[in-house]
Amino acid sequence: MSVLSPLPRLKWSRDKAAHLLNRAGFGGTPSEIDAAYARGLAATLSQLVDFDNAAARVPPPVWAHPRNIREARMELQSKRDQPEERKEQLREIQMTENNNILDLRQWWLDRMMNSPAPLLEKMTLFWHGHFATSIEKVKDAYWIWLQNETLRRNALGNFTTLTRQMSRDPAMMIYLDLQQSHKEHPNENWARELMELFTVGIGNYTENDVREAARAFTAYRIDLTTQKFRFAPMQQDRTNKNFMGRTGPLIGDDIIDILVSKPVCAQFIGRKLWRFFVEDEPTPESVEQIAKTIRAHNFEFRPVLREIFNSELFYSDRAMGSQVKSPVQYVVQTSKTLESPLPSALAAQNAMRQMGQTLFAPPNVKGWDGGKAWITTSTLLFRYNFANYLINGDEILPAAAMAARGKAGPGFRRTGRELEKIQRDPINVGKIAPVELRDKPEELVSLLTARIFSVPVADKERQTFIGYLEARKPDTSDQTVRGLIHLMMSTPQFQLT
């Protein structure tokens with residue numbers, strides 16, 4: 001059987017519909033899963049992949065507009081003899097940027113949660129981890145938003161086009177120092193990462209390739225008045241370069257075209273795509289087949305994704321329920337599962353930081369390792385505690401303990417030296433656990449396990465859940481049901497999707 005052999009029509013099931021919504025998006029409510037199952041795989045795939053671009057559009061954050069950075073810098077410079085005023089203005093600028101990036105994180109989580117095009121957001125997240133850029137160095141939320149929109153606009157499109165646009169992206173240019181590259185002193189950071197992390201991978205280029213590519217990307221600049229890319233022709237190195245067997249007055253786009261044409265590029269991207277959507281450890285056969293498919297579609301990702309999500313292997317036992325939820329997936333999918341609002345902006349930001357994935361702040365240019373790296377002893381314990389917060393609105397840890405650790409966890413924000421709790425109402429269990437089933441442990445457990453887990457649970461875990469309810473009879477209160485849900489969400493299986 002070929003890696004991408006289609007799933008036979010008769011094998012389509014509700015579990016597979018749930019799996020598709022989890023992987024191609026951020027999960028679904030039971031009614032959304034039922035609807036996908038009823039539509040069938042072909043119609044559901046069409047809805048996911050061939051989404052309405054107009055319906056997927058969302059207004060930008062109100063603050064997301066360019067500002068004249070040159071003018072702002074001149075204003076600060078004018079206050080060099082007024083240190084206190086200059087310090088206060090710098091503080092206000094920092095507070096504004098912090099508020100803007102916090103708002104941007106919530107803006108994107110809202111899109112993941114509510115977008116009619118969840119695959120578009122999922123692929124935008126994939127590219128965010130691939131072309132990793134951090135606000136910690138960029139220090140401008142508008143540029144980060146602009147990059148996010150560039151990734152989204154090209155998310156299911158052509159990889160060559162996307163890579164070219166990323167070479168001109170102000171946030172990326174700042175992050176990898178491309179705007180500092182001059183023909184007299186080419187900066188090699190972008191050129192190196194373009195090869196090592198974005199196209200062909202380590203071991204598939206030479207140090208001479210790095211030097212020659214860096215020369216080709218000179219003259220890329222940022223207009224600080226418009227906050228857009230500009231080309232400075234007087235800074236362009238117009239001399240011949242010798243790059244991967246090609247010689248001539250190569251420019252940046254030529255370098256990208258050469259790299260994408262290499263067979264190893266499709267393998268490199270294909271492996272990352274397979275890990276993100278299918279399984280952590282792709283077989284050589286899987287990598288070669290997905291690479292062949294990428295090349296056959298000329299690096300257009302919409303048809304590639306369609307083939308992946310239509311394949312029998314995507315719905316195999318080794319793929320379903322085997323992937324550790326990323327922190328972003330955990331926050332959004334859990335909110336969908338519980339049919340509850342997302343955590344507040346600050347609570348979500350703190351939670352993702354504790355779990356190891358802060359949007360717009362990857363640990364380095366390599367992005368997040370993902371997979372099993374999401375789970376450590378501390379992050380797993382935090383997930384269990386955070387589940388309690390999502391369900392009950394309870395504190396993660398007593399405020400005094402959090403203060404002693406010197407950090408604010410989800411549900412808290414620092415106010416001076418104090419930790420102020422961010423209030424959250426308990427979930428409305430009436431929506432997901434009907435009163436008429438409260439005194440029927442087996443039926444209630446069946447209903448909740450179908451909602452909470454992507455795949456059927458083992459009989460041992462099922463009996464544990466039933467035993468929890470049996471031990472609390474005749475108490476069938478909301479509090480008891482919330483306790484059962486927390487027990488289910490505090491299992492290793494819940495961390496998988």
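Sorted largest first, the spans of the alpha carbon positions of the range 91-216 along the three principal axes are 47, 39, 20 Å. Give the angle, between 0 and 90 degrees and rounded to the nearest 10, that separates the Cα long axis of helix 30-39 from the longest principal axis of the Cα atoms of the chain. Taking the Cα atoms of the chain, the angle to 30-39 is about 70 degrees. How tilted is helix 14-24 with respect to the longest principal axis of the chain? Cα atoms for both, answer in degrees (0 to 90, nearest 10). Roughly 30 degrees, rounded to the nearest 10. Rg and Dmax of the range 161-277, both derived from C-alpha coordinates alone, stand at 14.1, 44 Å. Anything over 19 Å Cα to Cα? Flag those among Lys16/Lys440; Lys440/Lys473; Lys336/Lys372; Lys272/Lys325; Lys431/Lys460, in the order listed. Among Lys16/Lys440; Lys440/Lys473; Lys336/Lys372; Lys272/Lys325; Lys431/Lys460, the Cα-Cα distance tops 19 Å for Lys16/Lys440; Lys336/Lys372; Lys431/Lys460. Over all projection directions, the Cα-based convex hull of the range 429-495 averages an area of 4.0 nm².
Helix 118-130 and the longest principal axis of the Cα set of the chain meet at an angle near 50°. Annotation: Cα Rg of the chain relative to the compact-globule expectation 2.2 N^0.38 Å equals 1.07. Each helix, a run of at least 4 DSSP H residues, gives -39500 (n - 2.57); summed and divided by the residues of the chain, these come to -16000 deg cm²/dmol at 222 nm.
Annotation note: GluC sites (Glu not before Pro) in the range 183-228 located in DSSP loop regions with a Cβ neighbour count of at most 11 within 10 Å are Glu184.
Comparing Cα centroids, the range 86-153 and the range 154-188 end up 18 angstrom apart. A DSSP coil position with no more than 14 other Cβ atoms inside 10 Å describes the following trypsin sites (Lys or Arg not before Pro) in the range 237-339: Arg238, Arg318.
Read the figures in this text as sums done on the coordinates, not as results from a lab. Everything numeric in this text was worked out from a predicted model, so none of it was measured. A quick note on method: Cβ atoms are made from the backbone with ideal geometry, for glycine too, and the neighbour counts reach across all protein chains shown.
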